[in-house]
Amino acid sequence: MPLNLRKRTGLGLLLVLTAVAWLWWEMHTSGRVQTTTRAERNEPTQPSAANTKGATNTAQRETPGPMSPGAGPAMAPPPTSVVVAVNEIQANPNAILMALSPEEAAWLDRHGYPTEEELARVPFLSLQELERRHDNGDRKASVLLAHKFLEEGDRDMAFAAFGGAAQKGSIYAREQAAIANRGRNPDPALAHEYVGFMLDMELARIFGDHRVDALIRRELPAGAVDAYVRASVLASLPAQLQLIAEDAKMRGVPMPVPEPRPNADLWDQIDAGSVTEVTVYARPSRPPGGP
């Protein structure tokens, strides 16, 4: 439903976001899609587990046990972690769901990214239950419902469900909505298709996910993002940010603000292949409707 565009008290925040959009777009799309990695700039890399005597391709990390009596209050154990070969991460289509630190795991949870285990359970989830939870405002259920529709070949319904989750603040859903929308109209001759895709990806980047470049490289053919696409996206970003702000105010929820995803440097090193192994932190799976 069209939103009335009028002056809001959040105009200052919108101008800041628009400025961020302009700077990030110029930084990341000046003549190419793929960004220069920090590894190519000779920045220091994280020591690889491959350089440790006796390291294996994938090994379970030890986590501290409970504190002994009298040592103070017990602390929650850190997330389970494993050492994973970089080539396995590069080959994983769901690598965007991986966390390379507890802080990144928390960021993924805050911004609506499911776990790989949750996606694996989608074929066994009830469509009716997911729809009920989606209708009740459950963001995670909206994401899983969209994947359920994709599984059944209904890209239109998947696009709508991802859009609903994106409205609730899921950066993951915004990225997946862009991918699902391309699948609805896969004609590579449609330049506006790339504009819509890139617009959603740049919004996801503005709100914090530096991994959009990996999705762009995976989803678009080389050279797809030309001068026309870049100019169209840049021109459209302020209006889209305005719509997001108006929608948030209409629904009585805070305007989403940028929160950078951790570990940008380490992910650049993974993309460049300048490390051979990294530690990946597992995230607990929760049922739709859970905390």
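In the set (1) part of a helix (DSSP H, G or I); (2) modelled with pLDDT of 85 or more; (3) open to solvent by less than 50 Å² (accessible area, probe 1.4 Å); (4) closer than 17 Å to residue 233 by Cβ, residue 173 fails one condition alone, (4).
Counting only helices (runs of 4 or more DSSP H) that fall entirely inside region 201-291 and contain at least 2 residues that are over 16 Å from the mean Cα position of the chain (by Cα) and not aromatic (Phe, Trp, Tyr), the qualifying elements are 227-251, 264-272.
Of everything in region 245-278, what is over 19 Å from residue 213 (Cβ atoms), surrounded by fewer than 18 Cβ atoms within 10 Å (Cβ to Cβ) and not acidic (Asp, Glu)? Give them in sequence order. Talk me through it step by step, then tell me what you get.
Our first condition is that a residue be over 19 Å from residue 213 (Cβ atoms); within region 245-278, this holds for 245-257, 276-277.
Add one more test, that the residue is surrounded by fewer than 18 Cβ atoms within 10 Å (Cβ to Cβ), and what stays is 247-255, 257, 276.
Residues satisfying the conditions are 248, 249, 250, 251, 252, 253, 254, 255, 257, 276.
Of the residues in region 205-216, at least one is buried (at least 19 other Cβ atoms within 10 Å of the Cβ) and farther than 30 Å from residue 137 by Cβ.
Applying the selection to region 223-247, what residues are in contact (Cβ under 8 Å) with a residue 60 or more places away in the chain, out of contact with any Gly (no Cβ under 8 Å at 6 or more places or on another chain) and among the aliphatic types (A, V, I, L, M)? Across region 223-247, the qualifying residues are 224, 225, 233, 234, 237, 241, 243. Counting only helices (runs of 4 or more DSSP H) wholly contained in region 77-135, the ones carrying 1 or more residues that are in contact with a Ser or Thr (Cβ under 6 Å, 6 or more places away or on another chain), charged (D, E, K, R) and buried (at least 18 other Cβ atoms within 10 Å of the Cβ) occupy 116-120. Checked against (1) open to solvent by 30 Å² or more (accessible area, probe 1.4 Å); (2) modelled with pLDDT of 90 or more; (3) on the phi > 0 side of the Ramachandran plot, residue 153 passes all but condition (2).
The values are calculated or read from the model by the stated rules, or taken from the named source; none is laboratory data. Just so it is clear, the structure is predicted and the values come from calculations on it, not from any experiment. Because the Cβ atoms are built from the backbone with ideal geometry, glycine has one as well, and the counts that use them run over all protein chains shown. The protein model used for the area step is the full one, side chains on, heavy atoms only, and it has no ligands, DNA or RNA in it. Shrake-Rupley method; radii C 1.70, N 1.55, O 1.52, S 1.80 Å.
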